[in-house]
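Asker: What follows is a single structure, and I will ask about it in a moment.
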Amino acid sequence: TVCTFYTVFRIATIVDLQLHIPPWTLLFHYKMREIVHLHAGQCGIQIASDFWEVAIAEHGLDVNGKYIGKNHNQLERINVFFNEVATNRYVPRAILFDLENGPVNAIRGQPHGRIFNPDNIITGQNGASNNFAKGFYTEGSLISDQISDVIRKECENADCLQGFQLEHSLGGGTGSGLGTRELTIIKENYPDTMICTYSVIPSPKVSDTVVEPYNTTLALYHLVENSDETFCLDN
């Protein structure tokens, strides 16, 4: 360990002589560890609305992504969740997708809805009808490539990608089907990154449809196979 530290310090000293950079700045230099958020289905988009409203306020941003805070500590590690697209203007590293337009139109109508990148909001036409198979195989496959392309662009904008966070429900068709489909693709394309999911489990006391247990059972298999960490939330 001492030899390694000495070697690094010698390299830093050379940098100091050649580039006039203090050696200790190289020793303690670090990169941001960006996290890309995926919000799938109606539940995931509703979570996105509340989550990003709080994140925007904590980092001192207005609804347009402009920094208006007075404490510079608010900008510390802001690039973990936000991508700076202009001077003091930030856009969430978030991708919102659903197989129908209703939930997306609802978040667009919110005051903070304009902060999202329009290219990162993807919708289908026919919906999943609370059916896992439609979300994973049929209707979901029609927009899956488009979602994967947006994910790739977000990853390219990151300096040191840490991982992904997926917010979805397991009872509906889009959250369970299309959400876990994208989870599988991410695991194949980015095997060295962490994948964390926040999965809303359907409640037997509050149930919209009788097929929720089946959607949950089918989705749990993909969570076990592809997720590094899953937080189960009671609906």
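Asker: Only residues in the stretch 205-217 that are of a type outside the set (Lys, Arg) count as the first member; pair them with residues that are exposed (fewer than 12 other Cβ atoms within 10 Å of the Cβ) and at pLDDT 95 or above, Cβ under 8 angstrom, at least 6 apart or cross-chain, and list the lot.
Answerer: Once the first residue is of a type outside the set (Lys, Arg) and sits in the stretch 205-217, no partner that is exposed (fewer than 12 other Cβ atoms within 10 Å of the Cβ) and at pLDDT 95 or above comes close enough.
Asker: Please identify the pairs in which a residue from the stretch 140-157 that is among the basic types (Lys, Arg) has its Cβ atom under 9 Å from the Cβ atom of a residue that is open to solvent by less than 20 Å² (accessible area, probe 1.4 Å) and part of a helix (DSSP H, G or I), counting only partners at least 6 apart or on another chain.
Answerer: LYS153/ASN120
Asker: Counting only residues that are at pLDDT 95 or above, touching a strand residue (DSSP E or B) at 6+ places or on another chain (Cβ under 9 Å) and of a type outside the set (Asp, Glu), which one in the stretch 145-157 is farthest from ASN120 (Cα to Cα)?
Answerer: CYS155
Asker: For the stretch 50-86, how many residues are buried (at least 18 other Cβ atoms within 10 Å of the Cβ), touching a residue at least 40 places away in the same chain (Cβ under 8 Å) and farther than 21 Å from ILE107 by Cα?
Answerer: 1
Asker: What single numbered condition from (1) among the hydrophobic types (A, V, I, L, M, F, W, C); (2) closer than 22 Å to SER49 by Cα; (3) modelled with pLDDT under 95 fails to hold for CYS160?
Answerer: Looking at each condition in turn, CYS160 falls short on (2).
The values are calculated or read from the model by the stated rules, or taken from the named source; none is laboratory data. For clarity, every value in this text was computed on a predicted model and none was experimentally measured. Ideal geometry is used to build each Cβ from the backbone, glycine not excepted, and the neighbour counts take in all protein chains shown. In case anyone asks, the SASA skips ligands and DNA or RNA and just uses the protein heavy atoms, side chains included. Shrake-Rupley method; radii C 1.70, N 1.55, O 1.52, S 1.80 Å.
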